1. Looking at (1) more than 19 Å from Gly52 (Cα to Cα); (2) part of a helix (DSSP H, G or I); (3) of a type outside the set (Phe, Trp, Tyr); (4) open to solvent by 70 Å² or more (accessible area, probe 1.4 Å), find the lone condition where Arg5 falls short.
2. For the range 27-46, give me each residue that is surrounded by fewer than 16 Cβ atoms within 10 Å (Cβ to Cβ) and hydrophobic (A, V, I, L, M, F, W, C).
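The values are calculated or read from the model by the stated rules, or taken from the named source; none is laboratory data. Model, not experiment: these values are computed from the prediction. Positions of Cβ are backbone-derived with ideal geometry, glycine not excepted, and every protein chain shown enters the neighbour counts. To get the accessible areas, we keep the full protein, side chains included, count just its heavy atoms, and leave off ligands, DNA and RNA. Shrake-Rupley method; radii C 1.70, N 1.55, O 1.52, S 1.80 Å.
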Amino acid sequence: MTDVRNLLIRGSEKVTVHYRLLIAGAKNEKERELYRSRIEREQRLLDQLQNGLPERFAA
């Protein structure tokens, strides 16, 4: 299960980096806010993953 968790953590980190790049090229504030909210969501998921998998993922 550790391999799966590490894979999910790396994926979440990559997604966050991608959204930061999109913010830099955003055309307007609405678009930037959308990406910021997605970064916040990814950060919450990343925090959960780093503290252990949520029970819904536990098998």
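1. (1)
2. Leu34
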